[in-house]
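Worksheet: the structure to be examined is printed underneath.
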Amino acid sequence: GNSVTQMEGPVTLSEEAFLTINCTYTATGYPSLFWYVQYPGEGLQLLLKATKADDKGSNKGFEATYRKETTSFHLEKGSVQVSDSAVYFCALSETYGGSQGNLIFGKGTKLSVKP
Amino acid sequence: ETGVTQTPRHLVMGMTNKKSLKCEQHLGHNAMYWYKQSAKKPLELMFVYNFKEQTENNSVPSRFSPECPNSSHLFLHLHTLQPEDSALYLCASSQEGTANTEAFFGQGTRLTVV
């Protein structure tokens, strides 16, 4: 079946450091890929997405590129801030272009950014 | 304001109690979802409702009973739960049948079963 694997945390970085959180997936067909962020005490918010191979999603300085050849969707940010401290979830939708709420999630990676 | 509101935010219940979680979306979406978020485990999709019809039930125990009276409201009725059911229960909504949309999540209900 479809699945998402993301690097285990927690990840602790100093402010302005470079961030990479790895995510790989297994899927039949052509899923859409997502990164969601969960701040303490909050629900999930969509951070960025990509709906087809080679698409790059970007938002708030975060980027991820849909790599079909490596089945990856790694999250990157060039310079993290304390306010980026949160749990980050990689996810895929099981059907192409639809069922955007029918998601398979990775386990989440907790990021802590120190001043 | 996410457009998806869940109540209560926190709930403590005994194993013999009956309670309900409520979710309301103000986004005009046609699909709603219940997810379970447990410690150390990925978020698990529990139920999907599309145009008020349940289209997915991921082998969820019958002690969880969903209800979707209209496309804006979703309930999760709970009875005779077990301590391992303690988790954050998240509701989400989306507009199905439209390209390039996203799912919006509520803030969740933190459930503790004692």
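The values are calculated or read from the model by the stated rules, or taken from the named source; none is laboratory data. No experiment lies behind these values; they were computed from the predicted model shown. Neighbour counts run over all protein chains shown; Cβ positions are idealised from the backbone, glycine included. Ligands, DNA and RNA are stripped out before the accessible areas are found, and what is left, the full protein with its side chains, is counted by its heavy atoms. Shrake-Rupley method; radii C 1.70, N 1.55, O 1.52, S 1.80 Å.
Below are the figures for this structure:
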{"read-out": "Cβ-based net charge around A:LYS52, under 13 Å, with every Lys or Arg adding one and every Asp or Glu removing one", "value": "+2"}
{"read-out": "Projected area, mean over directions - chain B, Cα convex hull, nm²", "value": "6.9 nm²"}
{"read-out": "At least 10 Å² of accessible area lost relative to the chain alone, listed for the range A:33-47 with a 1.4 Å probe", "value": "A:TYR36, A:GLN38, A:GLY41, A:GLU42, A:GLY43, A:LEU44, A:LEU46"}
{"read-out": "Accessible surface buried once B binds A (1.4 Å probe; total of both sides; Å²)", "value": "1700 Å²"}
{"read-out": "Carbon + sulfur, % of accessible area of the protein assembly as shown - ligands and nucleic acids excluded, 1.4 Å", "value": "49 percent"}
{"read-out": "Charge tally in the Cβ shell below 13 Å around A:LYS107, where Lys, Arg are +1 and Asp, Glu are -1, A:LYS107 excluded", "value": "+1"}
{"read-out": "Quotient of C-alpha Rg and 2.2 N^0.38 Å, computed over the range A:34-115", "value": "1.10"}
{"read-out": "Local electrostatic count, B:ASN17, Cβ distance below 14 Å [Lys/Arg +1, Asp/Glu -1]", "value": "+2"}
{"read-out": "Solvent exposure of chain A as accessible area per residue, Å², 1.4 Å probe", "value": "45 Å²"}
{"read-out": "Where only alpha carbons of the protein assembly as shown are counted, the Rg and the Dmax (Å)", "value": "17.5, 52"}
{"read-out": "Free-standing Cys, the protein assembly as shown [no other Cys Cβ under 4.7 Å]", "value": "B:CYS68"}
